[in-house]
Amino acid sequence: MIEVEDVSFSYPDGRQAVRGVSFRVRPGETVGLVGPNGAGKSTLLLLLNGLLGVPGRTGRIRVGGIEVEKSRLSAVRRKVGFLFQDPDDQLFCPTVGEDVAFGPAQLGLSEAEIAERTRRALASVELEGFEDRIPQRLSLGEKKRVCLAGVLACEPEALVFDEPTANFDPRGRREFIRLCRKLPQSKLIASHDLEMILALCGRVLVMDRGELVAEGPAAAILGDEPLMLAHGLEKPHSLLHPHPHGKMPVVEK
């Protein structure tokens, strides 16, 4: 679903943020992307649907078999939905219903189809009846779920999340993890919340200084304490205290 081949990216000031990164995300797979601040995670995510533009990038990116290049960005953005870290960067309409409907409206759909997609998307994030609510008066968790509904209303095949649980309280975090687990799309999730990554992701990519330094099964990678410490991370607490009978702990099912 997502194919990244030897991708590098430099900003106009010459700073190289991504260096020769290659990986794939299979259809229906959920993959975590971890690393210290400044590792290049957010830059890499923004490259996946051309939000940073193609200039400055080398290597190849495909989403759903479509090349991420200037002439095909509209088609690419129908394939991959992006959830920003700060929901206020993504919410701009007077009501929740209008915000969720904005994406489908850009696809040239009929009013009936737009209304149906809006209804389904809000139901999928358990915000039925929120159509007339004002986004700025919602809780952080509700705002994030409205943003997710807006992405889902466009019916993408892949979802890209940048720090989706940042600043959540424990209840909001649990609810968001539960909702994400139900989504059938391929997912790439960048986060410092390693317990959330462990709960949702079967595989993990580790970035540092713009490079992909490790990848593999989530429990094996996150449980490798020397690897975690070498790249500015910590072994998740749940992996520090194994079950007394040798079983892995259950993480927020």
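Its Cα gyration tensor gives region 99-250 an equivalent ellipsoid, and the semi-axes of that ellipsoid, as √(5λ) in whole Å with the largest first, are 34, 17, 14. Exposure proxy for Ile189, Ile66: other Cβ atoms within 10 Å of each Cβ, ordered fewest to most, give Ile66, Ile189.
Going by Cα centres, region 121-137 and region 206-240 are how many Å apart? Result: 36 Å between the Cα centres. Given R0 = 25 Å, the distance between the Cβ atoms of Gln106 and Gln136 translates into a calculated FRET efficiency of 0.65. The simple spin-label model puts a point 7 Å past each Cα toward its Cβ; for Ile66 and Glu98 those points are separated by 2.8 nm. Amide H contacts for Leu233 (H built 1.01 Å from N in the peptide plane; partners 5 or more residues away or on another chain; cut-off under 5 Å): none found. Of the chymotrypsin sites (Phe, Trp or Tyr not before Pro) found in region 1-92, the ones in coil according to DSSP and having at most 12 other Cβ atoms within 10 Å of their Cβ are Phe92. With 18 Å as the cut-off, how large is the P(r) tail for region 128-175, expressed as percent of Cα-Cα pairs? Tail of the P(r) past 18 Å holds 35 percent of the pairs. Counting only DSSP H runs of at least 4 residues, each contributing -39500 (n - 2.57), and dividing by the residue count of the chain, the helix-based mean residue ellipticity at 222 nm comes to -9500 deg cm²/dmol. Taking amide H as placed 1.01 Å from N in the peptide plane, the amide H of Met207 sits under 5 Å from that of Val34, Gly35, Val213, each at least 5 places away or on another chain. Label-to-label distance for Leu229 and Glu128 is 5.1 nm, based on points extended 7 Å past Cα in the beta-carbon direction.
Using the Cβ-Cβ distance between Arg120 and Arg15 with R0 set to 45 Å, the FRET efficiency from 1/(1 + (r/R0)^6) comes to roughly 0.60. Evaluating 6.51 cos²θ - 1.76 cosθ + 1.60 at θ = phi - 60° for every residue in region 41-48, the Karplus couplings come out as 5, 5, 4, 4, 4, 5, 6, 5 Hz, glycine and proline recorded as x.
Read-outs throughout are calculated quantities, based only on the coordinates presented, and are distinct from any laboratory measurement. Note that the structure is a prediction, hence the values are computed from the model and not measured. A quick note on method: Cβ atoms are made from the backbone with ideal geometry, for glycine too, and the neighbour counts reach across all protein chains shown.
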